[in-house]
Amino acid sequence: MSATKNIIIIGGGISGLAAANRLADLGVEATLIEAGEYPQHKVCGEFYSPECVSILDEWEIPTPVSINETHFISENKILKYNFPNQARGVSRFECDYALMQRAQRKGIQFLTGTTVQKIKSNYTLTLSNGKTLNTEQLILATGRRSTLAESHWNHSTKTKTPFVGIKAHFEGLDLKHRLEMYSLPGAYLGMSQIEGHKTNVAMLAKTDCVQAAGGADKFVEQLLEQKQSKKLKERLKPGKRLFKKWLTCGVPKFGNRSVASWPSAYLIGDANGAITPVCGDGIGMGLTSGIMAADYALQKKSDSFQLDWERRYQKRLNWGALLQGIMLEPTFAQLLIKTAHTFPKITDLFFKKTRE
Ligand SMILES: Cc1cc2nc3c(=O)[nH]c(=O)nc-3n(C[C@H](O)[C@H](O)[C@H](O)COP(=O)(O)OP(=O)(O)OC[C@H]3O[C@@H](n4cnc5c(N)ncnc54)[C@H](O)[C@@H]3O)c2cc1C
């Protein structure tokens, strides 16, 4: 059975949901297809940079924790930085669900638990439930792992994953209004508060290191025994992990993706290019590119959309890669912290360059 839709969004993470909400506000009919169900936990630091705040406030999405400063920590060295504007904390479990409910209330149709398996030219989508859908305009928001957008003809499901994302919620850690970032051997970790006095602890680790340790749980155990992790171990001591096991996911390399340039297709969020998590800007890029795609789709200008995407996000991907390289090497992180104590403008520079 086949049906035709005006606009289809594939992927209902932060970017697809942003596009859906914007289209709903513009009074445009659209269908969003999401492989998973709502609500669901996602491997993410759950830190919402200042750029996200006005968007989520306007849409009345609750973001209950305000975050005003960050501490970069490497062994015994700390660099403190006050955000120029307030950031926020809330779990993706709550935020994505609230965004989905808002879009649905405003008329967006959701097909959840449904995977798009194939995209054929002019766009015919084959769904996991055996049905097909046709559309003239496609918004691809399939995240960093899907290869769906890479070519019309080669829908490989395998991506190389040099990193592993690891995350769990804790109670009993009192971070108040601060984001803490730790540079560790083979990994870096961020923690900040979310709703209900809980804390999200998320890290990005090198796949080789996690495999060598025999899995994520053992990797974290061994990591906490290293001398560079002394401060982190003390910090986590009073906490109780609320997830039975650390939640994990394979993470492909960051930066630009070699995506197909299809007419009337708009790639948003990590599907177009993923910024390193250390920047805390992936959610912001997802929200803003989702809104941008909706606006361009309304004008049917996919070429201009891609040019605008590159103008807006390209440079920050490179700065993000540099900052991540530093965070994955505690000696480099210490050097950066020392330099930033002498030249404080460096911290401001990194903050601005990873989001301008
Ligand atoms: C360890 C880690 C920590 C991070 N921490 C932060 C942070 O603190 N702050 C921040 O701003 N950013 C952070 N990020 C980045 C942020 O998580 C991402 O940039 C953001 O989630 C991207 O949103 P998205 O909508 O593009 O993709 P996703 O949120 O990945 O959503 C993609 C969706 O598409 C669906 N999908 C995929 N293929 C199909 C298909 N074929 N059919 C149907 N549905 C499909 C998936 O089920 C998924 O729900 C972090 C990333 C990592 C790895």
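The values are calculated or read from the model by the stated rules, or taken from the named source; none is laboratory data. Because the structure is predicted, anything quoted here is derived from the model rather than measured. FYI the Cβ positions are ideal-geometry reconstructions off the backbone, even for glycines, and counts take in every protein chain you see. Surface accessibility is based on the protein's heavy atoms, side chains included, excluding ligands, DNA and RNA. Shrake-Rupley method; radii C 1.70, N 1.55, O 1.52, S 1.80 Å.
See the values below:
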| read-out | value |
| --- | --- |
| FRET efficiency for Arg312 and Asn76, using Cβ-Cβ distance with R0 set to 35 Å, rounded to 0.05 | 0.35 |
| Portion, in percent, of the accessible area of the chain that falls on carbon or sulfur, probe 1.4 Å | 51 percent |
| Per-pair calculated FRET efficiency, R0 = 25 Å: Gln117 and Asp303 via Cβ, rounded to 0.05 | 0.35 |
| Accessible surface of Thr126 - all protein chains present, 1.4 Å probe, nearest 10 Å² | 40 Å² |
| Qualifying lysines (Cα of each under 18 Å from Cα of Lys315; at least 8 residues distant if same chain) | Lys253, Lys352, Lys353 |
| Where the chain is the region considered: accessible area per residue in Å², 1.4 Å probe | 46 Å² |
| Electrostatic dipole magnitude of the range 85-240 [Cβ: Lys, Arg +1; Asp, Glu -1; Cα centre; debye, to 20] | 100 debye |
| Point-to-point label distance, Asp217-Arg105, nm (Cα→Cβ direction, 7 Å offset) | 4.0 nm |
| Overall dimensions of the chain as given by Cα atoms, namely Rg and Dmax in Å | 20.2, 66 |
| Degrees separating the helix 92-105 axis from the principal Cα axis of the chain, which is the longest one | 20 degrees |
| Karplus (6.51, -1.76, 1.60) ³J(HN,Hα), θ = phi - 60°, over the range 54-70, in Hz, Gly and Pro reported as x | 5, 5, 5, 5, 4, 8, 6, 8, x, 10, x, 9, 8, 10, 10, 8, 10 |
| Cα-based helix-to-principal-axis angle, 330-342 vs the chain, degrees rounded to 10 | 80 degrees |
| Top of Gln314, Gln109, Gln299 by mean-square fluctuation, Gaussian network on the chain, Cα under 10 Å | Gln299 |
| Antiparallel %, DSSP beta bridges [both residues in the chain], to 5 | 70 percent |
| Asp174 accessible area, assembled protein chains, probe 1.4 Å, Å² | 90 Å² |
| Most mobile of Ala216, Ala20, Ala340 in a GNM of the chain (Cα contacts under 10 Å) | Ala340 |
| Candidates Asn318, Asn122, Asn200: whichever shows maximal mean-square fluctuation once the chain is modelled as a Gaussian network with Cα springs under 10 Å | Asn122 |
| Arg102 accessible area, 1.4 Å probe, all protein chains in place, Å² to nearest 10 | 30 Å² |
| Contour minus Cα-Cα distance for Lys206 and Lys338 (0.36 nm per residue) | 45.0 nm |
| Separation in nanometres of the label points that stand 7 Å from Cα toward Cβ, at Thr124 and Lys237 | 6.5 nm |
| FRET efficiency, 1/(1 + (r/R0)^6) with R0 45 Å, evaluated for Glu60 and Lys160 via beta carbons | 0.65 |
